[in-house]
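Below: the structure, in structure tokens.
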Amino acid sequence: MSFELAAKIDGFAFEPHFLGESEARDLFARLVHGLAWTQPTIALFGVRRPIPRLEAWYGDLDARYRYSGIAHEPMPWTPELAVLRDRLRSYAGEPFNSVLANLYRDGRDSNGWHSDDEAELGPTPTIASLSLGATRRFSIKATANGERHAFELSNGSLLVMSGTSQQLWRHAVPKEPQVQHARINLTFRTILAP
Ligand SMILES: O=C(O)CCC(=O)C(=O)O
Ligand SMILES: [Mn+2]
């Protein structure tokens, strides 16, 4: 989809060059080796399977979070993640206190249809999603009528989802078997106090 169209979907703001190419590439190289990646399993229709990507959860000590039946205890901020958090806090005007990092090792890794609608995020969460490495498609589908759009999330791009975006849309990162390189996505979130 074009950037013009992206700008018109309420609750989605796309900044293709939030980080410069080389800064984003350097950051990718440090995070791919520097974060404590795990591959949790989730139960789907009674079958436990590893998620089709790796993930790592960082944040303030009290920013606990459950999703897809997984309890996430945050690890303490790394220096790189803390710098990005501070930049994104001032850019988005949100007190982000955690980040879920996803590592898509290649185009066989993916993220299925979901909304980030957990109670801990409140009804209208702002989520800042920074992409590093390989470009991957981010598809959105309206819960009401199935209307679909897609963003190409390239190295250094930032997608900010806010307002009713999690209520009105589901999103996914589909498999793209032709993609041979890895991608890291950092979703900065604000976990509300229990
Ligand atoms: O990888 C992405 O762009 C999206 C990740 C995502 O939806 C999530 O972590 O909830
Ligand atoms: Mn999500």
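Here, each number is a calculation from the coordinates, and none is a lab measurement. Since the model is a prediction, treat every value here as computed from it, not as a measurement. Cβ: placed from backbone, ideal geometry, glycine included. Neighbour counts: every protein chain shown.
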Enumerated strands (runs of 3 or more DSSP E) restricted to the range 94-153, each holding at least 1 residues that are surrounded by fewer than 20 Cβ atoms within 10 Å (Cβ to Cβ): 111-114, 136-142, 148-153
Return the residues of the range 71-114 that are hydrophobic (A, V, I, L, M, F, W, C) and touching a residue at least 40 places away in the same chain (Cβ under 8 Å); say none if nothing qualifies. Leu81, Leu84, Leu88, Ala92, Phe96, Val99, Leu100, Ala101, Leu103, Trp113
Suppose the filter is more than 11 Å from ligand 1 (Cβ to nearest atom), hydrophobic (A, V, I, L, M, F, W, C) and under 20 Å from Ala56 (Cβ atoms); does Phe96 pass it? yes
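A quick yes/no check of all residues on (1) in contact with a Leu (Cβ under 6 Å, 6 or more places away or on another chain); (2) part of a strand (DSSP E or B); (3) over 27 Å from Trp113 (Cβ atoms):
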{"site": "Ala43", "(1), (2), (3)": "no, yes, no"}
{"site": "Arg49", "(1), (2), (3)": "no, yes, no"}
{"site": "Pro52", "(1), (2), (3)": "no, no, no"}
{"site": "Ala56", "(1), (2), (3)": "yes, yes, no"}
{"site": "Arg66", "(1), (2), (3)": "no, yes, no"}
{"site": "Ala71", "(1), (2), (3)": "no, yes, no"}
{"site": "Glu80", "(1), (2), (3)": "no, no, yes"}
{"site": "Arg85", "(1), (2), (3)": "no, no, yes"}
Just one of Ser162, Ser157 is farther than 22 Å from Ala71 by Cα, touching a residue at least 40 places away in the same chain (Cβ under 8 Å) and within 11 Å of ligand 1 (Cβ to nearest atom); which is it? Ser157
Could you list, in sequence order, all residues of the range 115-125 that are away from ligand 2 (no atom under 13 Å from the Cβ) and either touching a residue at least 12 places away in the same chain (Cβ under 8 Å) or at positive phi (or both)? Glu120, Gly122, Pro123, Thr124
Does Glu118 count as more than 17 Å from Val173 (Cβ to Cβ) and within 11 Å of ligand 1 (Cβ to nearest atom)? yes
